[in-house]
1. For a quick protection proxy, order the peptides 290-301, 314-325, 143-154, 168-179 by their average other-Cβ count within 10 Å, most packed first.
2. Modelled label-to-label distance, S197 and L127, 7 Å Cα→beta-carbon offset: nm?
3. Sort largest first and round to whole Å: the equivalent ellipsoid semi-axes of the range 152-214, each the square root of five times a Cα gyration tensor eigenvalue.
4. In the structure shown, do any of K164/K189; K166/K189; K120/K166; K120/K164 have a Cα-Cα gap over 25 Å, and if so which?
5. In the range 113-191, what percent of the accessible surface is made up of carbon and sulfur (1.4 Å probe, ligands and nucleic acids excluded)?
6. Using a Förster distance of 22 Å, how high is the FRET efficiency between V220 and R143, based on the Cβ-Cβ distance and rounded to 0.05?
7. Leaving out ligands and nucleic acids, and using a 1.4 Å probe, what accessible area per residue does the range 177-325 come to in Å²?
8. For the range 222-267, what % of the accessible area comes from carbon and sulfur atoms, probe 1.4 Å?
Amino acid sequence: MSFSLPAFRRKWSCRGYMSVGAAMVTVALGLADRAEARKYGSPLDIFGIAAPRPRATVHSANISGRIPLPKPRPEEAPKGSAKASDEAPAETGGKPSAEKPSADKPGATKPAEAAPPPEKQASACRLALTEEIAIAPSIPDIRGPGACGGEDLVRLEAIVLPDKRKVAVKPVAILRCTMASAIADWVRKDVVPLAASLGSTISDLDNFDSFECRGRNRVVGAMLSEHGKANAIDVRAIKLANGQSIGLTDRTMPREVRERVLHSVCSRFSTVLGPGSDWYHEDHIHLDLAQRRNDYRICQWNVWDPLPQVAPLLPAERPEEAPPREVAAKPEAKPEAKPETKQGIDDEAAEKSAASADKPAADGHKTRPHKPATKKRR
């Protein structure tokens, strides 16, 4: 086939040639504009309806086509770790990355352990209350409900006298150190001379109550008692070595002995409650070291005298010769009029005659007294 320019011109006119060229230029410009539009999105295209952007090339994560899975979580790993540090991310070669050193493996840095709390320093009272004064080991602080408990507590088991003898506290008292020290000083300096005046020595201290988380007088809803603060003790009696027991509220005990105890405790403790204070302290003595404004103290203890020796209030037994109760319960009848006898008539007539004899007669002469008739004896 021969091709010549004249024939081409005859077959394709210049007009058609120009139209085909213009179409080709238009297509080329349109493709270029669409390529630019893909690079830069329209600023007003908020719904994404413009020409779609080309997708990024998806590369295979693993040449072999296997997807790596994360390693299982070790049992010793701490709970709640936010970062998945134990997971092995995939690499180009399909091998997991090197694991971080665990805390249990050698060479790993262990977290710093919490420092133990500093030991609590002993108070001045604790240092002064030695075993030469009392057997009172320290106990942990008590944190009970409603502000019960306290700090610097001891377990008062016995009081050591100057001659090294021990006075047992029965039962053992849980007290603050200051209260235990005050009890020890009271026994050593006041009670020992009192027992010596009675010809014996003290052996036991009868503890009725010490620490107890409760309100005053065990009333529900009342203010917290000093017993709830381990700052009070109730003493019922002081027992001597000869077997005698000094009941502090016993009326049979000599009044002088109880008054000595009264003066000693009221000079040492801020609160003393005994008989006469209320109905809750009739059989024991309450002692505490409550802190009040202006160092106010309370000492309410009436040392009663012994009860008088009186006859029993029961009625005497009913005698056997007594009438029945039904008869004795009836009211007494009035005495009946006695029948007139001859002797009674004669007495009445004699009285009348004596009265008439004193009156003068109408003619001026006195009448003779009338003599009562007498019965002649036979």
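The values are calculated or read from the model by the stated rules, or taken from the named source; none is laboratory data. The model shown is predicted, which means the values in this text are computed figures rather than measured ones. With ideal geometry, Cβ positions are generated from the backbone for all residues, glycine too; neighbour counts draw on all protein chains shown. The accessibility values were calculated without ligands, DNA or RNA, using every heavy atom of the protein model including side chains. Shrake-Rupley method; radii C 1.70, N 1.55, O 1.52, S 1.80 Å.
1. Highest-to-lowest ranking by the protection proxy: 168-179, 143-154, 290-301, 314-325.
2. Inter-label distance under the simple model: 3.7 nm.
3. The equivalent ellipsoid of the range 152-214 has semi-axes of 22, 12, 10 Å.
4. The pairs that break the limit, which is 25 Å between Cα atoms, are K120/K166; K120/K164.
5. 56 percent
6. Step by step, r from the Cβ atoms, then E = 0.50.
7. 57 Å²
8. The value for the range 222-267 is 50 percent carbon and sulfur by accessible area.
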